[in-house]
1. Using the heavy atoms of the protein chains alone and a 1.4 angstrom probe, what is the accessible area of the chain per residue in square angstrom?
2. Could you please state how large a percent of the accessible area of the chain is carbon and sulfur, counting protein chains only and using a 1.4 Å probe?
3. Using a Debye calculation, one point per C-alpha and no hydration shell, please list log10 I(q)/I(0) for the chain at q = 0.13, 0.17 Å⁻¹ in order.
4. If I model a spin label at THR108 and ALA121 as a point 7 Å from the Cα along the Cα→Cβ vector, what separation in nanometres do I get?
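The values are calculated or read from the model by the stated rules, or taken from the named source; none is laboratory data. Predicted, not measured: the structure shown is a model, and the values here were computed from it. With ideal geometry, Cβ positions are generated from the backbone for all residues, glycine too; neighbour counts draw on all protein chains shown. Protein only, heavy atoms only, side chains kept; ligands, DNA and RNA dropped before computing areas. Shrake-Rupley method; radii C 1.70, N 1.55, O 1.52, S 1.80 Å.
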Amino acid sequence: MAADFQTGEIPHGFAFDERGELIHYKYGIVLAVPSANQAGWSGDMWLSFGSAWRDAKIKVNWHDGTNWSAAVDLTVTHAGGRVHTGAKLPTGTQKIAIGRVKKTLTDTEDDIPVSWLLQVAEA
């Protein structure tokens, strides 16, 4: 089974404070994706993240064309492998919002390299 992929970086800066409250959206990124897991249209999609030199905390949620999902907090570790959102993206996902989260009130490491990887299997 063939698969396509796209990768990129999460911008520097904290989008969310240590309580998970939005600081500013200019520090986040939105990925526009083909409608996930639609028969005859697009294949299964997975999203994963990687970091180096330090661990980073991020917040991820997806939009199905009508509603945003509940946000998922992920810790992307330097020492471990890629961190996945848990399963393939929900059917109909059209966009994904990602932002860095402060781990503590005094966290200043808002520039740890964190990349995202979107994989799409052929329908």
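1. Values: 6960 Å² over 123 residues.
So the chain comes to 57 Å² accessible per residue, rounded to a whole number.
2. 53 percent
3. Rounded to two decimals, the profile gives -0.50, -0.83.
4. Between THR108 and ALA121, the label points sit 4.6 nm apart.
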